[in-house]
Amino acid sequence: MGLASWVVNNFVALAVLLLCSVSINVAAAGKQVQGEGQKLRFGQNGEFKILQVPGCSDLNTTAFTQRMILAEKPDFIVFTGDNIFAYDATDPAKSLDAAFAPAIASKIPWAAVLGNHDQEGTLSREGVMKHMVGLKNTMSQFNPPEVHVIDGFGNYNLEVGGVEGSGFENKSVLNLYFVDSGDYSTVPSIPSYGWIKPSQQLWFQRTSAKLKKAYMSPPVAQKAAAPGIAYFHIPLPEFASFDSSNSTGEKQEGISSASVNSGFFTTMVAAGDVKAVFTGHDHINDFCGELTGIQLCYAGGFGYHAYGKAGWPRRARVVVASLEKTEEGAWGAVKSVKTWKRLDDEHLTAIDGQVLWSKSSAGKLNYNFSHSVC
């Protein structure tokens, strides 16, 4: 996608690192701070909150990320590709360090996938992912250790455990899938962007089946799979199914998907656990639309080192999964997944609140915001 050039790259990277050197005090706000190797888990309030950052970092983007972390106090941060515009980066490693600095400073666990611009500098796509995996507080993985042959870099899943002390503390009640959607087609007869390959889909199918079996087994055996969320950069062709009449948010440009349909959407529908997909890539689309039981969502424009639209503020997407109470009054399984966006304005205005999925009635429901930003 078209992006503006940085003016003095080394100076910007250094300035961002200095700007992020002051730790953001998340623990003081009552959130559990998780370090390397620790398990993701729902808090004692029965919620798990995710902040999505589509990338293309610079000083303004860093400031916005910091404001969002302080305002929303997420449990987890996901970077959905084009983490840097590597073509303009004289030192991609330093630029990557700067891009993830707000998350690292906050001590909040984070994960990332690759976009189509991350490898356009002196670091290969493999090198970029290896660098990200080596950073502090990350839960990113290079690829599944048990899979020896798989396309791409950064295909992995993370399990989110139930509330500590509840009957679900040793179960994954929410499953997060991260997939490398590629960069550009390597097949001469097929133009445009890359796609999710059969080897990746096979890994997803097997992982989904394994997680479903564990969730439906004792103790506290469940009748269906735990809900799943998928994150990758390039949207699927199915994103073109939506317009203003059947989605929440705005569609202001065409869907820049691969020119072929690899069938990953059908694969997810067949697996039955993924309830929502979140992508980046197209910067002035920020809608969510439901198709065959899966919500397909854009993050919306976040990064300032990227194209946008005059008069259309940068925005960030937040997702919150909430647990139900059992008959004994303890926290149980996930009952709903909600989302909203915040604009990078004076008040971090919250817009487009909706229920993406609920245990009782799946679908798109609007709701009023009851929380404020200091």
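No lab work stands behind these numbers, since they all come straight from the coordinates. Predicted model, so just to flag it, every value in this text is computed and none were measured. Glycine gets a Cβ as well: all are built from the backbone with ideal geometry, and neighbour counts include every protein chain shown.
Report the trypsin sites (Lys or Arg not before Pro) located in segment 213-280 that are in a DSSP loop and have at most 10 other Cβ atoms inside 10 Å of their Cβ, or state none.
Working: sites: 213, 223, 251, 275; in loops: 223.
Those satisfying the criteria are 223.
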Item checked: Loop-resident sites, segment 122-180, for GluC sites (Glu not before Pro), counting at most 14 other Cβ within 10 Å (DSSP) -> 146
Notebook entry, point to check: Can you list, largest first and rounded to whole Å, the semi-axes you get for segment 174-307 by taking the square root of 5 times each eigenvalue of its Cα gyration tensor?
Noted result: 27, 18, 13
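Decide, for segment 260-350, between rounded, prolate and oblate: order the square roots of the alpha carbon gyration tensor eigenvalues as a ≥ b ≥ c, take rounded if a/c falls under 1.5, and otherwise choose prolate if a/b is larger than b/c, else oblate. Before the final figure, lay out each step's value.
Numbers: a/c = 3.66, a/b = 1.32, b/c = 2.76.
Verdict is oblate for segment 260-350.
All other residues with a Cβ under 13 Å from the Cβ of residue 167 taken together, and with Lys, Arg as +1 and Asp, Glu as -1, what is their net charge? Write out the running numbers ahead of the final one.
Working: positive: 171, 325; negative: 164, 169, 324, 327, 328.
Neighbour charge sum, excluding residue 167 itself: -3.
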Note to self: Through the Karplus equation 6.51 cos²θ - 1.76 cosθ + 1.60, θ set to phi - 60°, convert the phi angles of segment 316-322 into ³J(HN,Hα) values in whole Hz; use x for Gly and Pro.
What the structure shows: 10, 9, 10, 10, 10, 9, 10
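Report, in listed order, any pair from 94/197; 73/359; 49/335; 130/212; 94/130 with a Cα-Cα distance greater than 20 Å. Don't jump to the answer; show the numbers that get you there.
Details: 94/197 31 Å; 73/359 25 Å; 49/335 14 Å; 130/212 30 Å; 94/130 14 Å.
The pairs that break the limit, which is 20 Å between Cα atoms, are 94/197; 73/359; 130/212.
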